[in-house]
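Colleague: Take this structure first; my questions come after.
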Amino acid sequence: MNPQRKRIPKIEPFKHRVEVDPKFFDKSWKKLDDAIREIYNHNASGLSFEELYRTAYNMVLHKHGGRLYDKLAENLKGHLREMGKLVEAAQGGLFLEELQRRWADHIKALQMIRDILMYMDRTFIPSSKKTPVFEHGLELWRDIVVRSPKIHGRLVDTLLELIHRERMGEMINRGLMRNTTKMLMELGSSVYQDDFERPFLEVSASFYSGESQQCIERCDCGEYLKNAEKRLAEESERVSLYMDAKTADKIANVVDKEMLSNHMQRLFLMENSGLVNMLINDKHEDLTRMYDLFKRVPDGHSTIRSLMASHVKETGKILVTDPERLRDPVDFVQRLLNEKDKYDEIVSVSFSNDKTFQNALNASFEHFINLNNRSPEFISLYVDDKLRKGVKGAANEEDIETVLDKVMMLFRYLQEKDVFEKYYKQHLAKRLLSGKTSSDEAERNMLVKLKTECGYQFTSKLESMFTDLKTSQDTMQSFYANLAGDSDGPTISVQILTTGSWPTQPCATCNLPPEILGVSEQFRAHYLGTHNGRRLTWQTNMGNADIKAAFGDRKHELNVSTYQMCVLMLFNSTDTLTYKEIEQNTAIPPVDLKRCLQSLACVKGKNVLRKEPMSKDISDSDAFHFNDKFSSKLVKVKIGTVVAQKESEPEKQETRHRVEEDRKPQIEAAIVRIMKSRRVLDHNSIVTEVTKQLQARFLPNPVVIKKRIESLIEREFLERDKVDRKLYRYLA
C-alpha cells in the first residue's frame, strides 16, 4: 500500500485586478488644495471635514503620502508669501497688529489642516521621519515670514523701540507685545533667544550703561540706589507681562552689572552720601536697599562688610584714644555701648541680621577696644557706677539687667579679662564694704554672667566676698549678744575679710580715738576667743563712721570715713590744729591725710573745718580750725573723700605689676599641662598652645612665655633637647 501524500496549501492571486484611477492623486489633491484655500480665506464653514479627512486617508493608503506632504508644503509656502507681503505693506504701528492678525490666521488654518491630515501625521510622517504638519507649518512661518529680509529687522527694531519707549515712561500696547513674543517662543526657544532676547539684552546693556553714567553724575548714593531698585522692579514686571520667564535672570544680571557692579566702589565711597555717611546718619532704609541690591553683585556684601569694619575701627580708635573722652570713664563706656547699640541695630534692621556682618562688627569692636589698655578698668568703673546705691538717675532692676547684658558684650571683646577681674574686685569690695550696692540680686546676676563667660575660677574669690559679709553679720550679732557694759558708748560694725579674697593692701594702722579703741579691742578679744589660730589686722583705710557734731546751736550727723573721724575727734579738745599736729596724733599716711583734710576743709557745703591759708592744696604749714559757722539744710551730711575716680599713674603701674605677677603662675601651669601630655614639643608650638589655652583670660606675651620656660628649665620641670635646642622635653 502506498502512503498517502500530504497536501500543501497554496494561496492564489485574485482572478481580477483592482483598477486605480490614474488621476486619483490629482483629483484628490485638487479637492484638498481648494479646501486649504477656503480655510485661509475664512470660508471653512461650508467644508465637509469628514470628506476631506477620508480623501487624505485614501491618498496615504494608496502610497501617495510623500507627494501629499510635498504638495502641502508648496501650498503653505504660497499662502505664507502672500501673508508676508501684507505684513510688509503695513505701516507704523499697524505693523505688529498685521503680523499678529496673519499669525492668528495661520495658526487657525494649521489646526484645521492638521485635523484633515491626521492620518498622515499618525502613519506616514513617523515612518518617513518628516516633521509633523503643524510643526512644519510653524517652521515655514519662521523662515518665510518672521525671518524675511523685509520683516525680520523691522520686527526686532519695533519690539526694542516699544520697550525703550516704555522705559522712558510712555504707555505701550503690552497685550500686543505679549502676543508677539509669545509667537516667537512658540516658534522655538532658539527663535525667541536669537531673534529677540539676545538683541534685547545688548540694547538693554547699552541703555543702562548710559543711564547709570548720567544718574551717578547728578544723584547722591541713596537716590541712585532707589533708581536702580525701581529699574530692577520694572524689568521684572516687564518680563512677567510679555517675555519668557527665563529672561528674568538674564535682564536682572544686565541691570546689576551696568548699574551696580560697574559703579560699586564709586557708590560706596561717594562723598556725603556713600556707605560711611549712611552708617554715621543711621540711614536704615538706604542701608537696607544697598544690602538687598548688592547681594546680587559678586563681592558686593564682602565689600560692604570690609568698608563697615574699617569705618568702625577708625571711629572706635578715635573714641578710645581721645584724651578728652578718657577723663570720664563712665561716659567713655557709655559711648562704646551707644556705638554697639547703633551698629547692632544697623546689622539687625538693615543687614537682615547677617551673621557675617555681625562677626565683622564684633572683630572691629574687639580691635579698637583693646587699643586702650585702660578699657578693662573703665568697664569695671562703669559697672560700679550702675550698681552703686544713690547714683543720680539710678535705673530699676530690669534696666540694670539690660545694661549688664550690654556690658558683657564689651567684656567679651577684652583680651585682658584678668585685668578687668582685678579692678572689678576692687570696685565690688568698695561697694560691699560701704553698703553702697544698689541690689544684691543685681550683684549676684553680674557674677553669674562672669562665671558663665569665664568659668568658676574667675569668680570664686568674688563669691567668697559675699560669704564673708554674711559671716560678719552673724559674728556681730554674737558680739553684741555677749557684750556687757555701758550701752550708751559708741558701737562698731566690723566686716571680717578673708585674706586673699579681698583686694586689701597692707596699711599702717592709724591711731583710733580712745572711745573707739576700747570697743574695737573688746571685739578683737571676742573674735580671737571664739576663733583659735586666727589673726586680725584693722584696715582703717576702708572704714566709715557716723558721728554727731554740734556747730553752735545747730546739730548734724556726719557720715565720714574712718580717717576723717580720727581727724574730727581731735577737735573735741581744741579748736585749732596744725597739719603736723594732726599727722602726729593720727598717724594717717600723708597722702591719705591730705585727701582727708581736703574733703573736710576745701569742699563747698561740706567744710566743717576752716583752713588757713585758704587754697585747694594741703601743705605741711597749714592750720585747721573747727568751723562753728558750718550749716546745712540736711541733718545728715555725707562728707566724701576727695579721690580720683580713675587710678593715678603710680596706682595704675602697681595694678599692672600685680596683674603681670599673677599671670606668671598661670602661664607656667599651662606650659606644664601641655608638656605633660605632649612630652616633647618645639618652642613655637608651646607658644601657640599656651596662647590658645589662656586667651579666654588674657593674651600672653611670647617674650613672657619664653621667660617662664627658662624658669621651668631652671627648676628642672623641663629640659632642652641635647641635639635640637629648639625642642623641650618634660621631666617627670
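The values are calculated or read from the model by the stated rules, or taken from the named source; none is laboratory data. Since this is a predicted model, take the numbers as computed values, not measurements. With ideal geometry, Cβ positions are generated from the backbone for all residues, glycine too; neighbour counts draw on all protein chains shown. Heads up: the accessible areas ignore ligands, DNA and RNA and are worked out on the full protein's heavy atoms, side chains in. Shrake-Rupley method; radii C 1.70, N 1.55, O 1.52, S 1.80 Å.
Colleague: Per q in 0.11, 0.12, 0.26 Å⁻¹, report the Debye log10 I(q)/I(0) for segment 650-730, using one uniform scatterer on each alpha carbon and no solvent.
Modeller: -0.29, -0.35, -1.30
Colleague: Rounding to the nearest 10 and keeping the result within 0 to 90°, find how far the Cα-based axis of helix 221-242 lies from the longest principal axis of the chain.
Modeller: 30 degrees
Colleague: Which loop-located trypsin sites (Lys or Arg not before Pro) does segment 47-132 contain, where loop means any DSSP state but H, G, I, E or B and the Cβ has at most 12 other Cβ atoms within 10 Å?
Modeller: Within segment 47-132, the qualifying trypsin sites (Lys or Arg not before Pro) (loop, at most 12 other Cβ atoms within 10 Å) are LYS63, LYS129.
Colleague: Please go through the residue pairs LYS611/LYS638; LYS342/LYS604; LYS27/LYS108; LYS436/LYS604; LYS295/LYS340; LYS108/LYS129 and name each one whose alpha carbons sit more than 30 Å apart in this structure. Walk me through the intermediate numbers first.
Modeller: On the way: LYS611/LYS638 20 Å; LYS342/LYS604 40 Å; LYS27/LYS108 25 Å; LYS436/LYS604 23 Å; LYS295/LYS340 24 Å; LYS108/LYS129 25 Å.
Beyond 30 Å: LYS342/LYS604.
Colleague: Quick one: order HIS427, HIS62, HIS79 from most to least accessible surface, probe 1.4 Å.
Modeller: HIS62, HIS79, HIS427
Colleague: I would also like to ask the following. Out of the trypsin sites (Lys or Arg not before Pro) in segment 570-643, which ones are loop residues according to DSSP with at most 16 other C-beta atoms within 10 Å?
Modeller: Answer in residue order: LYS604, LYS616, LYS629, LYS633.
Colleague: Under a 5 Å amide H to amide H cut-off, with H placed in plane at 1.01 Å, what residues pair with LEU681 once short-range neighbours are removed?
Modeller: Answer set, sorted by chain and number: TYR728.
Colleague: In Å and from the alpha-carbon atoms only, list the Rg and Dmax of segment 552-670.
Modeller: Answer for segment 552-670, Rg first and Dmax second: 18.6, 67 Å.
Colleague: Quick check: net charge around SER28, other residues with Cβ under 13 Å of its Cβ, Lys/Arg +1 and Asp/Glu -1?
Modeller: +3
Colleague: Determine the sum of side-chain charges near ALA104: Lys and Arg each +1, Asp and Glu each -1, restricted to other residues whose C-beta is under 13 angstrom from that of ALA104.
Modeller: Overall, the nearby charge balance is 0.
Colleague: What does the charge count around ALA89 come to, taking other residues whose C-beta lies under 14 Å from its C-beta (Lys +1, Arg +1, Asp -1, Glu -1)?
Modeller: Details: positive: ARG81, LYS85, ARG101, ARG102, LYS150, ARG154; negative: GLU82, GLU88, GLU97, GLU98.
Every neighbour counted, the sum reads +2.
Colleague: Using the Cα centre as the reference, give the magnitude of the dipole from point charges on the C-beta atoms of the chain (Lys, Arg: +1; Asp, Glu: -1; all else neutral), rounded to the nearest 20 debye.
Modeller: Here the size comes out at about 2860 debye.
Colleague: If you don't mind, there's one more thing I want to ask. How much accessible area per residue does the chain have, counting only protein heavy atoms and a probe of 1.4 Å, in square angstrom?
Modeller: Per-residue accessible area for the chain comes out at 55 Å².
Colleague: For segment 335-423, which trypsin sites (Lys or Arg not before Pro) are both in a DSSP coil and crowded by at most 15 other Cβ atoms within 10 Å? Write out the running numbers ahead of the final one.
Modeller: On the way: sites: ARG335, LYS340, LYS342, LYS355, ARG374, LYS386, ARG388, LYS389, LYS392, LYS406, ARG412, LYS417, LYS422; in loops: ARG374, LYS389, LYS392.
The qualifying sites are LYS389, LYS392.
Colleague: Something else about it: When averaged across all projection directions, what area in nm² does the alpha-carbon convex hull of segment 275-365 cover?
Modeller: Mean projected area for segment 275-365: 5.5 nm², to one decimal.
Colleague: Would you pull out the residues with amide H under 5 Å of VAL637's amide H, same chain only if 5 or more places away, H placed 1.01 Å from N?
Modeller: GLU557, LEU558, ASN559
Colleague: For segment 286-331, take N as its residue count and report Rg(C-alpha) divided by 2.2 N^0.38 Å.
Modeller: 1.67
Colleague: Given Cα pairs under 8 Å that are at least 6 residues apart, what percent is the relative contact order of segment 303-468?
Modeller: Once divided by the residue count of segment 303-468, the mean separation gives 23 percent.
Colleague: Each residue of segment 524-538 in turn: what ³J(HN,Hα) in whole Hz from Karplus with 6.51, -1.76, 1.60 and θ = phi - 60°, glycine and Pro shown as x?
Modeller: 4, 5, 5, 5, 5, x, 9, 10, 6, x, 10, 10, 9, 10, 6
Colleague: With θ set to phi - 60° and the Karplus curve 6.51 cos²θ - 1.76 cosθ + 1.60, what are the ³J(HN,Hα) couplings of segment 404-417 in order, to the nearest whole Hz, using x for Gly and Pro?
Modeller: Karplus-based 3J(HN,Hα) across segment 404-417 equals 5, 4, 5, 4, 5, 4, 5, 4, 4, 6, 5, 8, 10, 5 Hz.
Colleague: Per residue of segment 330-347, what does 6.51 cos²θ - 1.76 cosθ + 1.60 with θ = phi - 60° give for ³J(HN,Hα)? Whole Hz please, x for Gly and Pro, Karplus curve as stated.
Modeller: 5, 5, 4, 6, 4, 5, 4, 5, 5, 5, 5, 4, 4, 7, 4, 5, 4, 5
Colleague: If we count GluC sites (Glu not before Pro) as exposed when they sit in a DSSP loop and have at most 14 other beta carbons within 10 Å, what is the longest stretch of the chain that avoids them all?
Modeller: Longest gap between qualifying sites, sites excluded: 325-715.
Colleague: Hey, another quick one. For segment 152-263, list log₁₀ I(q)/I(0) at each q in 0.11, 0.16, 0.20 Å⁻¹, using the Debye formula over Cα point scatterers of equal strength and ignoring solvent, two decimals each.
Modeller: Those come out to -0.35, -0.72, -1.08, one per q.
Colleague: Right, here's the next one. Pull up all non-local amide H partners of ASP622: gap of 5 or more, or a different chain, and H-to-H distance under 5 Å with H placed in the peptide plane.
Modeller: Result for ASP622 returns TYR579.
Colleague: Just the number, please: carbon plus sulfur as a percent of the accessible area of the chain, 1.4 Å probe, no ligands or DNA/RNA counted.
Modeller: On the way: 19970 of 40190 Å².
Carbon with sulfur: 50 percent of the solvent-accessible area.
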